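The structure under discussion appears below in the form of structure tokens.
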Amino acid sequence: MMNISARIFVLLLGVTVLNGLVFAEEPRDVLLRYVTVDESARGFAPRGSFYPNFTNQPPAGDWTLPEWTGKHPLFALVSLGDQERLMVLDIAGPKSLMYDCVFFDANANLDLTDDPVIQGKARRSRGSYVNVEFPAEDVTIEHGGRSHPYRFQPSLSAYKNESRETSPAFPGYNLRASLEVQCYYAGAFSLGGKKYSLMLADSNGNGIFGDALSRCSNCWSRGRIHLMGDTLFLTEGGEPGYYDGVSFGAWWRVGGRLMSAAMDPSRKKLTLTPVEGLLFPVTLSAEAERMMLIEDKEFKGITCFRPGREIQLPAGTYRFVDYRLVRKETNGALWHLQASVGTGATPVEVGADLKPEIVFGEPFRPVVEVPNWSCARRSGGSLRLNFEIYGAGGESVDEVSLLSGTSSLALAKRSSRPKEPAYIILTPEGELVDRGTFEYG
């Protein structure tokens, strides 16, 4: 027979479990609108891009190709949605300054003869540079058995670089071609009595909106965690801007709720489903405007918007990747700071009977570093000095700038950033070696 103390223990245990348990809620659909960006549009619009890898020969496949005007066309496969399409660069005529024709398999039928040629205009600038402007192209993307519209704009630039020649058609020139995304999705939703506005960009230019954050395995590390995926621009009230961008996580923490996010561009909707099950508290050492967390085991991204000083997460191992802080001066001037963490950041364990804290932000400390490569390549007794700012979690500050108002602090000569810091180099005996000012890079 259960005694009184045992009953009390069981009751308290049940209350503790219930406090961390999230009960099922209905998913909420956020209706979206598809927005195309005009070539001459001004103001902010989410963008994305893809850089094709061109070769001198067509890829394997049963392609139907037209007759080329030039002797050295360039070929690349472009993945949009679930289909690969062939893209070819050619010239309009013998007087072309650069590749100024794009053949693109817009309908993905392996036939480039039934698609209109995208004609560009080449302009020479600063002597050795050539830029080619092309009109935007509208196509239909097939993904997951459904279709949705998509707009992109080819772009091509070339500069003189004898050691990195791209094609014998233009000797000594290195070419850089891209597909610039000229469309996005926008919408709004209410949660907890607050209204949120969002924009969603196809940042990686693969035609699939809502690619959740993942690790970029082939990116140059330099001690950083490099991410892939699309970008969410989210704000409370008003319209999102450039600084409101954050990686699109599989989970969102917004309005005090933790939800999974699933995008369906064919139906023009985003579905937010509350995460069910046991959640445990995690303390944040600073108050962020937005923050990106990752769960180590599955590398699941958690997009946090104004998370406050405590959030709740399922049991697991987590670390922050980047964040944005917004701070006010006493006179009302508004500043923002963006920072990202390296691969050596300490993760935190989340679970029962644990008191995890994610440490970041203030206090910040300035550090002057001499890069290893500068020591190896030094000549004439000169060294490269880097001025870095690190936060409490070992993160590196990437951006500090004035957003609005008139600051009481001194500003840089040509931007809204803080005034460039000065340095003095002394010998151990106190003799002056050099003095100067750091420059923004």
TODO: Could you please tell me which pairs satisfy a Cβ distance under 6 Å, a separation of 6+ or placement on different chains, a first residue in the range 142-163 that is of a type in the set (S, T, N, Q), and a second residue that is assigned to a loop (DSSP other than H, G, I, E, B) and modelled with pLDDT of 95 or more?
DONE: Gln153/Ala136; Gln153/Gln182
Open item on the list: Checking Val282 against (1) within 20 Å of Leu232 (Cβ to Cβ); (2) assigned to a strand (DSSP E or B); (3) not small (Gly, Ala, Ser): exactly one of these is not met. Which one?
Closed with: (1)
Task: Tally, over the range 238-270, of residues that are surrounded by fewer than 17 Cβ atoms within 10 Å (Cβ to Cβ), outside any loop (DSSP other than H, G, I, E, B), under 21 Å from the mean Cα position of the chain (by Cα) and of a type outside the set (A, V, I, L, M) - done: 1
Open item on the list: Filter the range 135-166 down to the residues that are out of contact with any Lys or Arg (no Cβ under 8 Å at 6 or more places or on another chain), assigned to a loop (DSSP other than H, G, I, E, B) and modelled with pLDDT of 95 or more and list them by number.
Closed with: Pro135
Open item on the list: For the range 172-209, give me the residue count where each residue is in contact (Cβ under 8 Å) with a residue 12 or more places away in the chain, assigned to a loop (DSSP other than H, G, I, E, B) and either on the phi > 0 side of the Ramachandran plot or in contact with a helix residue (DSSP H, G or I) (Cβ under 6 Å, 6 or more places away or on another chain) (or both).
Closed with: 5
Task: Set Ala169, Ala212: member being touching a Gly at 6+ places or on another chain (Cβ under 7 Å), modelled with pLDDT under 95 and either over 21 Å from Asp82 (Cβ atoms) or assigned to a strand (DSSP E or B) (or both) - done: Ala169
Task: Selection status of Glu310, surrounded by fewer than 18 Cβ atoms within 10 Å (Cβ to Cβ), under 29 Å from Ser404 (Cβ atoms), free of Cβ contacts under 8 Å to residues at least 60 places away in the same chain and in contact with a strand residue (DSSP E or B) (Cβ under 7 Å, 6 or more places away or on another chain) - done: yes
TODO: Hey, can you tell me all the residues within the range 313-330 that are within 30 Å of Ser407 (Cβ to Cβ), of a type outside the set (Lys, Arg) and over 18 Å from the mean Cα position of the chain (by Cα)?
DONE: Val326, Glu329, Thr330
Task: Ser167 vs. criteria within 22 Å of Pro66 (Cβ to Cβ) and surrounded by 14 or more Cβ atoms within 10 Å (Cβ to Cβ) - done: yes
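The rows are residues; the columns are (1) at pLDDT 95 or above; (2) in contact with a Leu (Cβ under 8 Å, 6 or more places away or on another chain); (3) within 30 Å of Val433 (Cα to Cα).
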{"site": "Ala333", "(1), (2), (3)": "yes, yes, no"}
{"site": "Glu349", "(1), (2), (3)": "yes, no, no"}
{"site": "Ile358", "(1), (2), (3)": "yes, yes, no"}
{"site": "Glu395", "(1), (2), (3)": "no, no, no"}
{"site": "Leu402", "(1), (2), (3)": "yes, yes, no"}
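The values are calculated or read from the model by the stated rules, or taken from the named source; none is laboratory data. In this text the structure is predicted, and so the values were computed from the model without any measurement. With ideal geometry, Cβ positions are generated from the backbone for all residues, glycine too; neighbour counts draw on all protein chains shown.
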